[in-house]
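Every read-out reported here was derived from the displayed coordinates using simple, explicitly stated rules and does not represent laboratory data. Not measured: the values here are computed from a predicted model. A quick note on method: Cβ atoms are made from the backbone with ideal geometry, for glycine too, and the neighbour counts reach across all protein chains shown.
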Amino acid sequence: MLEHDKPVTRAWVLHPELKSDHSRRAPVPALAEAVALAAALPDLDVVGAEIVRLPKLHAGKLFGKGKIAELKDRLTAADVELVLVDGPVTPVQQRNLEKDWGVKLLDRTGLILEIFSDRARTSEGVLQVEMAALSYQRTRLVRAWTHLERQRGGLGFVGGPGETQIEADRRAIDDQLVRLRRQLEKVGKTRALHRASRAKVPFPIVALVGYTNAGKSTLFNMLTGADVLAKDMLFATLDPTMRKITLPTGDEVIMSDTVGFISDLPTELVAAFRATLEEVLDADLILHIRDISHDQTEEQARDVMAILQKLGVAENAPLIEVWNKVDLLQGEAYESRVNQAARTEDLFAVSALNGEGMAALLAAIPEKLKDPRAEQVLTLTFAEGRKRAWLFEAGIVTDDQQTEDGYRMTVLWTALQQERFNRL
């Protein structure tokens, strides 16, 4: 069945706001993001969304009796089939609310898993999604695990056959997890080979990272001429895409587009998608793409940097911050951002849509890749001709002398180039 032929599910989004919890994001933009998440699924029609302020969380049903009854009236009147709760919902709360309201219910993790499933394209991406989904499913005890065998088009939480809430067979799920882990190990070995072969290519890797929907894929397409899905929706890209490009300076680099980050992404999902961020771990330079027109751009930037720090790359690879979507700013806001970027080192204001500011950014990339470099003397045998050729291709040899046993070479290289050379 084609995507546009799928039956559309009428959905309602709820953002629970605890009065006592001041650590969470502001409720209005948080609800807007939750609605955007829902809109990322083609077979959902969001017919309503609201913030539900709570004095406290109720263990059994999340909301109090009065609020549950009030919401039921609204959901029934709007003919809602699915409720999306922007936050964690326990299996007990889910079962009780579904029974009271007569609808299906997904929490934030379940919704993100649906989107991941819908977007994953590479074999590794699909396996990672299925493993994360099965681990999540195992705690629910209210869904049929067999839905998860499908490779694409959703995980069976939304729409599709067999929606009866049956207790999952844990042994069957565990067997399936073991099978998936084995498959993933094979794919991981293949990916490791790909990474090793990339190490032989002396071109630096430039990774685009940023909050989901910041415009990374649009920027990637503009730079590389690639046809990566670039839509105004959250999680449009899930699998990393890599392309070699020649910069206006003549320097060649490998550009890598990556999955968008998001706040409150459950830990198990970060772990499941660590593989899609492997290119970031290998990067010589990180471009942090920000949607500078977004009301929550500062919070989004903090979330991205927090994830980079968890991955351990924020301190290692040099970073350029790119303020994208300046074309959406007007008047003083536009002037302020552009002027601030012009005055600040490693900061560029651009529009991936109309090309504004791109020339300055492209000129800065090779400059940033040049430092810091350290000089080192290497001794290579005659048998290590491939390593010697790699050093010359990388353009980092400052002196080369033949000896009785091989070559004495002086190189000026970055720490990442040295690491890549050591993997040869």
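Within the stretch 339-424, which trypsin sites (Lys or Arg not before Pro) sit in a loop by DSSP and count at most 16 neighbouring Cβ atoms inside 10 Å?
On the way: sites: 343, 368, 370, 373, 386, 387, 388, 408, 420, 423; in loops: 373, 423.
Qualifying residues, ordered by number: 373, 423.
Considering amide H positions built from the backbone, and no H for Pro or chain starts, which residues 5 or more places from residue 289, or on another chain, come under 5 Å of its amide H?
HN-HN under 5 Å from residue 289: 209, 210, 322.
Straight-line reach only, C-alpha to C-alpha below 20 angstrom: list the lysines that residue 387 could link to, leaving out same-chain residues fewer than 8 apart.
Candidates past the 8-residue exclusion: 200.
For the stretch 322-418, what mean projected area does the convex hull of the alpha carbons give, in nm²?
That works out to 7.9 nm².
Grab the beta carbon distance between residue 367 and residue 182, set R0 = 41 Å, and tell me the FRET efficiency rounded to 0.05.
Working: r = 46 Å, r/R0 = 1.11.
About 0.35, to the nearest 0.05.
In nm, what is the difference between 0.36 nm times the number of residues separating residue 418 and residue 379 and their Cα-Cα distance?
Numbers: separation 39, 0.36 × 39 = 14.04 nm, distance 1.40 nm.
My answer for the length gained is 12.6 nm.
Label points 7 Å out from Cα along the Cβ direction at residue 65 and residue 78: separation in nm?
2.5 nm
May I ask you to derive the FRET efficiency for residue 190 and residue 98 from their Cβ-Cβ distance with R0 = 56 Å, giving the value to the nearest 0.05?
Working: r = 41 Å, r/R0 = 0.73.
Plugging the Cβ-Cβ distance into 1/(1 + (r/R0)^6) gives 0.85.
For residue 175 and residue 309, calculate 0.36 nm times their separation in residues minus their Cα-Cα distance, and state this gained length in nm to one decimal. It would help to have the intermediate numbers written out before the result.
On the way: separation 134, 0.36 × 134 = 48.24 nm, distance 3.42 nm.
This chain segment gains 44.8 nm when fully extended.
Search the structure for amide H atoms under 5 Å from the amide H of residue 378, placed 1.01 Å from N in the peptide plane, and list their residues when 5 or more places away or on another chain.
Under 5 Å from the amide H of residue 378 lie the amide H atoms of 409, 410, 411, each far enough along the sequence or on another chain.
I need the fraction of alpha carbon pairs in the stretch 358-413 separated by more than 19 Å, rounded to a whole percent.
On the way: 594 of 1540 pairs.
Cα-Cα pairs in the stretch 358-413 separated by more than 19 Å: 39 percent.
Could you give me D for the stretch 12-111, from Stokes-Einstein at 20 °C and 1.002 mPa s, where the hydrodynamic radius is the Kirkwood radius over C-alpha pairs? Units µm² s⁻¹, please. Mind dumping the intermediate values first?
Values: Rh = 13.7 Å.
Answer, rounded: 157 µm²/s.
Within the stretch 377-424, report the GluC sites (Glu not before Pro) that DSSP leaves as loop and that have at most 10 other Cβ atoms within 10 Å.
Working: sites: 384, 393, 404, 419; in loops: 404.
The qualifying sites are 404.
Structure shown: which of 61/310; 186/244; 67/104 lie over 24 Å apart, alpha-carbon to alpha-carbon?
Working: 61/310 34 Å; 186/244 26 Å; 67/104 18 Å.
Long pairs (Cα-Cα over 24 Å): 61/310; 186/244.
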